[in-house]
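Student: Here it is, the structure, as structure tokens.
The values are calculated or read from the model by the stated rules, or taken from the named source; none is laboratory data. Being a predicted model, the structure only gives us computed values, none of them experimental. Cβ placement follows ideal geometry from the backbone for every residue including glycine, while neighbour counts extend to all protein chains displayed. Protein only, heavy atoms only, side chains kept; ligands, DNA and RNA dropped before computing areas. Shrake-Rupley method; radii C 1.70, N 1.55, O 1.52, S 1.80 Å.
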Amino acid sequence: MGMDVDGMNDHNIHLYRIFNEVARVGNITHAAKNLYISQPAVSSAITNLENSLGVRLFIRKSRGVQLTEKGELFYKRVKSAFDILEQGEFEIKQTERPEIGRLSIGLSTTMCHFVVQPFLKKFIEDHPYIDITLVNQSSYQTFKMLEEIGLDIGVTTEPIKKDTLEYYPFMQYEYIFVATPAYIKNLKLREATDIYECFDRGTLMLLHKMHPIRKRVDQYFYDNGFTIGHTLEVSNMDLLIQFSNMGMGIGYVIRNFVQEELERGQLLELVLEIPQIDRTFGLTCNKTSQRTKEMQVFIDDFKRTFKKIQHPKYNYSLLKKINTM
């Protein structure tokens, strides 16, 4: 093509790179954007390359450019050369890349959404060579998989069986009844004159009947002679909070996860003195399973992030509570 080895300098390689991109996308403007250079610079580079080779490489058209017959032949060679260079770069980088590790974590949608999402995002950024599998399920299912060594780690509520499971608590939480101001106003129109009639005339939104918290609430209402008007069962806390914010009823939700809505007055708390017991979220793993390097890295990072048990945030000067109507 009229070019000897001495002609293969850095300038020519730069021209070939520009030619390769223009040929690939078929448009000088798009190639310029992809290469982060100006459109005139691309046009000038193509002209210089055509003059250097003594052939026409492109036919200019209204919507872009098209390779000539000789341009097609040249593109095949140039593309092949760049493909070989890219493969070489990849193989070199692979020799320096750490061995890929794997980590499986069980957690609920609520736990991911409200608790550990920022931590997981940073952990993935800090440890790109750990392949992570997230298994979305209840704490009960996670406990079972941990016992069967089907998972490495769980982010769960406190396990009942602690003979085989190791548990590191990081957040204390409690449940409260909440509703929107508009829903409370609606209940007044239904002649609800006190908090007890709210539950009689309103819709009470609770977790499913087999959930231990639900059983505790049902027992409290039974023991205290409460009349419940209508009950809506919701499968998980995430949906329960969404429905509460939508004004669909009175939701029994975790205070920690609606604190901002309470402080803004978007939700109001309906106070019933249901006895609370200390409940926590934590990191759970099997005591007997072999702890891999990836597990230890995750546990160490987690403990550094959650150094102390976080308690529910109370700001009684901002919280709007309803004891009577």
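Student: May I ask you to say which residue of Asp131, Asp83 is surrounded by fewer than 17 Cβ atoms within 10 Å (Cβ to Cβ) and in a strand (DSSP E or B)? Walk me through how you get there before you give the answer.
Tutor: On the way: Asp83 fails: in a strand (DSSP E or B).
Among Asp131, Asp83, only Asp131 is surrounded by fewer than 17 Cβ atoms within 10 Å (Cβ to Cβ) and in a strand (DSSP E or B).
Student: Let me ask you something else. What single numbered condition from (1) over 30 Å from the mean Cα position of the chain (by Cα); (2) more than 30 Å from Tyr252 (Cα to Cα); (3) modelled with pLDDT of 85 or more fails to hold for Ala182?
Tutor: So Ala182 meets the others, but not (2).
Student: Tally up the residues in region 137-154 that are open to solvent by 50 Å² or more (accessible area, probe 1.4 Å), over 23 Å from Ile100 (Cβ atoms) and not in a loop (DSSP other than H, G, I, E, B), please.
Tutor: The number of residues fulfilling the criteria is 4.
Student: Okay, moving on. Would you please name the residue that is farthest from Asp301 (Cα to Cα), looking only at residues in region 168-218 that are of a type in the set (Val, Ile, Thr) and touching a residue at least 60 places away in the same chain (Cβ under 8 Å)?
Tutor: Just the residues of region 168-218 that are of a type in the set (Val, Ile, Thr), to begin with: 176, 178, 180, 184, 193, 195, 203, 213, 217.
Okay, now just the ones that are also touching a residue at least 60 places away in the same chain (Cβ under 8 Å), so 176, 178, 180, 184, 193, 195.
Values: Ile176: 31, Val178: 34, Thr180: 38, Ile184: 43, Thr193: 51, Ile195: 45 Å.
That would be Thr193.
Student: If a residue has to be closer than 17 Å to Ile130 by Cβ and either part of a strand (DSSP E or B) or open to solvent by less than 10 Å² (accessible area, probe 1.4 Å) (or both) to count, how many in region 255-290 make the cut?
Tutor: Start the filter on region 255-290 by keeping residues that are closer than 17 Å to Ile130 by Cβ, which leaves 283, 285, 290.
In the following step, the residues that additionally are either part of a strand (DSSP E or B) or open to solvent by less than 10 Å² (accessible area, probe 1.4 Å) (or both) were identified as 283, 285.
Total satisfying the criteria: 2.
Student: Another question about this same structure. So, in region 204-232, how many residues would count as being surrounded by 13 or more Cβ atoms within 10 Å (Cβ to Cβ) and part of a strand (DSSP E or B)?
Tutor: First pass over region 204-232, keeping only residues surrounded by 13 or more Cβ atoms within 10 Å (Cβ to Cβ): 204-207, 211, 213-214, 216-218, 220-221, 226, 228-229, 231-232.
With the extra rule that they be part of a strand (DSSP E or B), the set shrinks to 204-207, 231-232.
The total comes to 6.
Student: Residues in region 241-275 that are over 22 Å from the mean Cα position of the chain (by Cα) and among the charged types (D, E, K, R): how many?
Tutor: Of all residues in region 241-275, those over 22 Å from the mean Cα position of the chain (by Cα) come to 244, 246-252, 262-275.
Keeping just the survivors that are among the charged types (D, E, K, R) gives 263-264, 269, 273.
Final tally of qualifying residues: 4.
Table: residues versus (1) aromatic (Phe, Trp, Tyr); (2) within 30 Å of Thr142 (Cα to Cα); (3) modelled with pLDDT under 90.
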| residue | (1), (2), (3) |
| --- | --- |
| Leu57 | no, no, no |
| Ser62 | no, no, yes |
| Glu69 | no, no, no |
| Arg77 | no, no, no |
| Asp83 | no, no, yes |
| Glu86 | no, no, yes |
| Glu91 | no, no, yes |
| Gln94 | no, no, yes |
| His113 | no, yes, yes |
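Student: Hey, could you check region 291-309 for residues that are at pLDDT below 85 and either open to solvent by 80 Å² or more (accessible area, probe 1.4 Å) or more than 28 Å from the chain's Cα centre (by Cα) (or both) and say which is nearest to Ile195 (Cα to Cα)?
Tutor: Lys308
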